[in-house]
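First the structure, in the form of structure tokens, and then the observations on it.
Where a number appears in this text, it was derived from the coordinates with a stated rule and is not lab data. Remember, it's a predicted structure, so these values are computed and weren't measured experimentally. All Cβ positions, glycine included, derive from the backbone under ideal geometry; neighbour counts span all protein chains shown.
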Amino acid sequence: MRYAVVIQPPAAEEIDAAFLYIAEHSSPDTAVNWFNNLETRLETLATMPRRCSFAPEDEYFAEEIRNLLVEPYRVLFTIRKGTVHILHVRHMARRTLEQSDS
């Protein structure tokens with residue numbers, strides 16, 4: 001089965017912010033490489049999203065929350081019917097998201 005992969009608005013904003021942060025604190029080339037790697041890794045969710053482990057956040061939500069590691073970030077997503085919804089892209093150093101944070 002092939003899944004559609006949809007990046008939700010909060011995740012899109014977090015991706016933009018991460019890109020800008022990496023470009024400013026490392027280099028523009030590093031930011032581009034990270035972004036290209038992120039895109040490649042997100043594409044893999046179209047065929048094998050369930051290979052990813054449950055996120056620590058999974059215990060706080062009624063629906064299944066999984067994560068894909070794209071260091072130094074975690075991509076939080078859920079699978080609904082035939083679609084993978086990218087919910088958040090969070091730095092690994094940040095605390096886990098709780099239901100009150102969503």
For the chain, longest principal axis from Cα atoms; helix 9-25 axis from its Cα atoms; angle between them, nearest 10 degrees, is 30 degrees
Among His85, His25, which comes first, then next, by fewest other beta-carbon atoms within 10 Å? His25, His85
Out of the trypsin sites (Lys or Arg not before Pro) in the stretch 25-101, which ones are loop residues according to DSSP with at most 10 other C-beta atoms within 10 Å? Lys81, Arg94, Arg95
Vicinal HN-Hα couplings computed from phi for the stretch 62-79 (Karplus, 6.51 cos²θ - 1.76 cosθ + 1.60; Hz; Gly/Pro x): 6, 9, 5, 10, 10, 9, 10, 8, 10, 3, x, 10, 10, 9, 9, 8, 10, 10
Going by alpha carbons, how many degrees (0 to 90, nearest 10) lie between the helix axis of 28-44 and the longest principal axis of the chain? 20 degrees
When the helices in the chain are scored as -39500 (n - 2.57) per DSSP H run of 4 or longer and the sum is shared across all residues, what 222 nm value do you end up with, to the nearest 500 deg cm²/dmol? -11000 deg cm²/dmol
Using DSSP to define loop residues, name the chymotrypsin sites (Phe, Trp or Tyr not before Pro) in the stretch 29-87 whose beta-carbon has at most 16 other beta-carbon atoms within 10 Å. Phe61
Say the dipole of the chain comes from +1 at the beta carbon of Lys and Arg and -1 at that of Asp and Glu; which of Val5, Ala93, Trp34 then lies farthest toward its positive end? Val5
Could you give the semi-axes, largest first, of the ellipsoid that matches the stretch 1-96, computed as the square roots of 5 times the alpha carbon gyration tensor eigenvalues and rounded to whole Å? 23, 15, 11
